[in-house]
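The values are calculated or read from the model by the stated rules, or taken from the named source; none is laboratory data. All figures in this text were calculated on a predicted structure; none of them were measured in a lab. Cβ: placed from backbone, ideal geometry, glycine included. Neighbour counts: every protein chain shown.
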Amino acid sequence: SQQGEEDPQALSIQEGENATMNCSYKTSINNLQWYRQNSGRGLVHLILIRSNEREKHSGRLRVTLDTSKKSSSLLITASRAADTASYFCATSTQGGSEKLVFGKGTKLTVNP
Amino acid sequence: GAVVSQHPSWVICKSGTSVKIECRSLDFQATTMFWYRQFPKQSLMLMATSNEGSKATYEQGVEKDKFLINHASLTLSTLTVTSAHPEDSSFYICSASLRPGWGGMAQPQHFGDGTRLSIL
């Protein structure tokens, strides 16, 4: 299985601090994606990083990918209470409309 | 853009009832839709891949006759939980992908808001 494994499982920080979540996977990938899920809701796509990319930014989000270590990290800078959610990494072995394998997620709590 | 609508958002019904969940891509055509199941505080488990105009591809351990999937158009896929029992109670989420980009480049999946199914 190439299921991603996030760590930590849970993270609690104060507003304004940075939050870093890590994801490891087992097999070669085409791309890795990060999603956010608010409690009881669907997932929101955050960033897709391809296997030939090392870093991507989107607003306050920064994602890195190290294919040699089969790991990725998601950094949220200057966190806000509204960032409170579960964050999942998901890997795909092929491009196109390929199924994703999700990790177990990190539950982030940002305290006001 | 890329909005996926899932309906209903919440279902409570008696054991033995069949329940249909709809997943629609509102502003794009989705050749492929995915159905996931999520237990409390756990990750998403892929149940099946739904391809427009063809049979769904089920993941290992998922009963095809229990979870019927129909993808009759490029904007609609349905999941029917047949003769539902309490152990089928769960959060079901669908997602849809845009067609692959140039050179088969990957597209993100866009998720519905999920359906919470409670079987009494």
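Structure data summary
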read-out	value
Residue match in the stretch B:91-105 (condition: surrounded by 13 or more Cβ atoms within 10 Å (Cβ to Cβ), of a type in the set (S, T, N, Q) and either within 11 Å of chain A (Cβ to nearest Cβ) or in contact with a Leu (Cβ under 7 Å, 6 or more places away or on another chain) (or both))	yes
Residue selected from the stretch A:26-82 under the condition closer than 16 Å to residue A:7 by Cβ and basic (Lys, Arg), by the criterion modelled with the lowest pLDDT	A:26
Yes/no for residue A:68 being of a type outside the set (Asp, Glu) and free of Cβ contacts under 8 Å to residues at least 12 places away in the same chain	yes
Failed item in (1) more than 9 Å from chain A (Cβ to nearest Cβ); (2) at pLDDT 95 or above; (3) in contact with an Asp or Glu (Cβ under 6 Å, 6 or more places away or on another chain), with residue B:74 passing the rest	(2)
Boolean, residue A:5 is of a type in the set (Asp, Glu) and surrounded by 13 or more Cβ atoms within 10 Å (Cβ to Cβ)	yes
Count - residues of the stretch A:27-59 that are within 12 Å of chain B (Cβ to nearest Cβ), surrounded by fewer than 18 Cβ atoms within 10 Å (Cβ to Cβ) and part of a loop (DSSP other than H, G, I, E, B)	8
Number of the exception - residue B:106 against (1) touching a residue at least 24 places away in the same chain (Cβ under 8 Å); (2) of a type in the set (A, V, I, L, M); (3) in a loop (DSSP other than H, G, I, E, B)	(1)
Filter result (part of a strand (DSSP E or B) and either over 16 Å from the mean Cα position of the chain (by Cα) or of a type in the set (Val, Ile, Thr) (or both)) within the stretch A:13-26	A:13, A:14, A:20
Hey, residue A:15 surrounded by fewer than 21 Cβ atoms within 10 Å (Cβ to Cβ), in contact with a helix residue (DSSP H, G or I) (Cβ under 7 Å, 6 or more places away or on another chain) and away from every other protein chain (no Cβ under 14 Å) or not	yes
Residue selected from the stretch B:24-63 under the condition assigned to a strand (DSSP E or B) and touching a Leu at 6+ places or on another chain (Cβ under 7 Å), by the criterion farthest from the other protein chains (Cβ to nearest Cβ)	B:24
Residue list for the stretch A:60-98, restricted to those being within 14 Å of chain B (Cβ to nearest Cβ) and crowded, with 19+ Cβ neighbours inside 10 Å	A:63, A:65, A:85, A:86, A:87, A:88, A:89, A:90, A:91, A:92, A:97, A:98
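Residue-by-condition table, conditions (1) surrounded by 15 or more Cβ atoms within 10 Å (Cβ to Cβ); (2) under 22 Å from residue B:84 (Cβ atoms):
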position: B:4; (1), (2): yes, no
position: B:18; (1), (2): no, yes
position: B:29; (1), (2): no, no
position: B:34; (1), (2): yes, yes
